[in-house]
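Worksheet: the structure to be examined is printed underneath.
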Amino acid sequence: MNDLNATAAPDVSAPSAPRYTLWQLVRYMLRLGTLGFGGPVALVGYMYRDLVEQRHWISDPDYKEGMALAQLMPGPLAAQLAIYLGYIHFRLWGATLAGLAFVLPSFVMVVVDSFPKLGHFGTHSR
């Protein structure tokens with residue numbers, strides 16, 4: 001007789017509690033957003049090395065799923081991955097704060113760098 005219930009279903013339990021706090025993740029993303037160098041491919045490589053291999057904060061399957069989703073969507077790859085990694089354990093607050101922490105340093109650098117150039121607007125050399 002063919003019994004469909006004979007095989008055990010995989011355990012689909014709630015995700016385990018994270019091994020890190022939201023603020024540890026935000027500090028990491030702030031640091032990477034400020035000091036990270038080499039473009040989006042290098043930055044996602046740093047995230048894998050640091051968060052998956054060394055700190056074990058993010059599981060390999062979660063990272064790969066986030067990477068696949070970030071590659072499917074148009075826009076900044078590393079920032080989208082940072083947002084997803086924040087979402088994994090801390091949902092909306094994690095996604096928002098991790099994304100802001102990752103993007104804000106670049107934004108501030110561009111704004112600060114533009115101030116000296118503002119004095120040159122409107123002046124024409126003849």
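The values are calculated or read from the model by the stated rules, or taken from the named source; none is laboratory data. In this text, all values refer to a predicted model and were calculated from it rather than measured experimentally. Cβ atoms come from the backbone with ideal geometry, glycine included; neighbour counts cover every protein chain shown. The protein model used for the area step is the full one, side chains on, heavy atoms only, and it has no ligands, DNA or RNA in it. Shrake-Rupley method; radii C 1.70, N 1.55, O 1.52, S 1.80 Å.
Restricting to helices (runs of 4 or more DSSP H) lying wholly in segment 19-126: which have 3 or more residues that are open to solvent by less than 20 Å² (accessible area, probe 1.4 Å), at pLDDT 95 or above and in contact with a Gly (Cβ under 6 Å, 6 or more places away or on another chain)?
Numbers: elements: 22-35, 39-47, 60-72, 77-118.
By residue number, 77-118.
Taken over segment 31-76, the criterion of being of a type in the set (A, V, I, L, M) and over 20 Å from Thr21 (Cβ atoms) is satisfied by Leu35, Val41, Ala42, Leu43, Val44, Met67, Ala68, Leu69, Ala70, Leu72, Met73.
On the basis of being closer than 18 Å to Ala98 by Cβ and in contact (Cβ under 8 Å) with a residue 60 or more places away in the chain, does Gly45 make the cut?
Here the answer is no, as Gly45 does not meet what is asked.
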